[in-house]
Amino acid sequence: MKIDILASGSGGNCIAVRSGSTVILIDAGIPKTKIEKRLLDAGIRPDEIAGIFITHAHGDHIKGLPLASKYRIPVYAAEGEWKDIHGVDEELHSSLSPGDFVRFDFYGKGKPEITAFRTHHDAYDPLGYVIEGEKKVSICLDTGHVDSDMLEAMRGSDVYIIEANHDPDLVAVSDYPDSVKARILSDFGHLSNQQAAGALAKLVQGRGERIYLTHLSRQNNHPAIARATVEAALRRKGFVNGKHYFCEVV
């Protein structure tokens, strides 16, 4: 199974997951031409994509969706999110609810492959996704907190792609308006480093899992802070980065 994080952050988000000959995208938040170029750089032809799965319909997650109409790619999103998704031919629309799955026969067993779970963000019906191919991959992007249902959906994954958006102390002293600070820190905003670390401490079992910390704020975070926060939480469980798990900040 191969994962290419084509873009991450407030400027746009797009993740390619390849299992066997099947490729899907999670989000398409950068311009179509950039997605095409980055796919080709990763050795993926755009016309190979079997489906695009949208977490929610904010611009940094859907900007490049004209790609779908160009290459006739089905697009999957929660029903409410279609209110803010435009430029995708109607016959390519598919709606998902938490617990729904889409079958892609990655390796001949016909099992559920991509399952949606509910997240918590200031969108209509935001979703995260669990992808089961040769490995289990959990993708949890914009969310203000991680609840028990989310943990249960992600449990046992080989790969965790999770947002570590901000350090609360940096948000507090930032020049953002108070309303924006409150949004970021709310239960429907973004995960802090500490929240991401807390979730991972409940999930990681020290069996070589790969962790990708994503969607870092340019102003209110730093890769070294995000990594150190996660490493400290997992060290309390006796796990060491590079030995029991592998953590990369995107």
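The values are calculated or read from the model by the stated rules, or taken from the named source; none is laboratory data. Since the structure is predicted, the reported quantities are computational estimates derived from the model, not experimental observations. Virtual Cβ from ideal backbone geometry, glycine too; neighbours counted across all protein chains shown.
Some observations on this one:
Here is a yes/no grid of residues against (1) buried (at least 17 other Cβ atoms within 10 Å of the Cβ); (2) of a type outside the set (G, A, S); (3) in contact with a Cys (Cβ under 7 Å, 6 or more places away or on another chain):
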| position | (1), (2), (3) |
| --- | --- |
| L25 | yes, yes, yes |
| I30 | yes, yes, yes |
| R38 | yes, yes, no |
| E48 | no, yes, no |
| D60 | yes, yes, no |
| R72 | no, yes, no |
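- Of all residue pairs spaced 6 or more apart or on separate chains, those with beta-carbon atoms under 6 Å, a first member in the stretch 24-41 that is farther than 22 Å from F104 by Cα and a second member that is of a type in the set (D, E) are G29/D60.
- Residue match in the stretch 155-165 (condition: modelled with pLDDT under 95 and surrounded by fewer than 24 Cβ atoms within 10 Å (Cβ to Cβ)): no
- Residue count for the stretch 29-38, restricted to those that are assigned to a helix (DSSP H, G or I), in contact with a strand residue (DSSP E or B) (Cβ under 9 Å, 6 or more places away or on another chain) and either among the polar types (S, T, N, Q) or within 20 Å of V88 (Cα to Cα) (or both): 2.
- Checking H61, H86 one by one, the residue that is at pLDDT below 95 and either more than 27 Å from E248 (Cβ to Cβ) or not in a loop (DSSP other than H, G, I, E, B) (or both) is H86 and no other.
- Members of the stretch 10-28 that are assigned to a loop (DSSP other than H, G, I, E, B) and either closer than 16 Å to P74 by Cα or modelled with pLDDT under 95 (or both): S10, G11, G20, S21, D27, A28
- Test: residue in the stretch 95-113 that is assigned to a loop (DSSP other than H, G, I, E, B), touching a Pro at 6+ places or on another chain (Cβ under 9 Å) and buried (at least 23 other Cβ atoms within 10 Å of the Cβ): no
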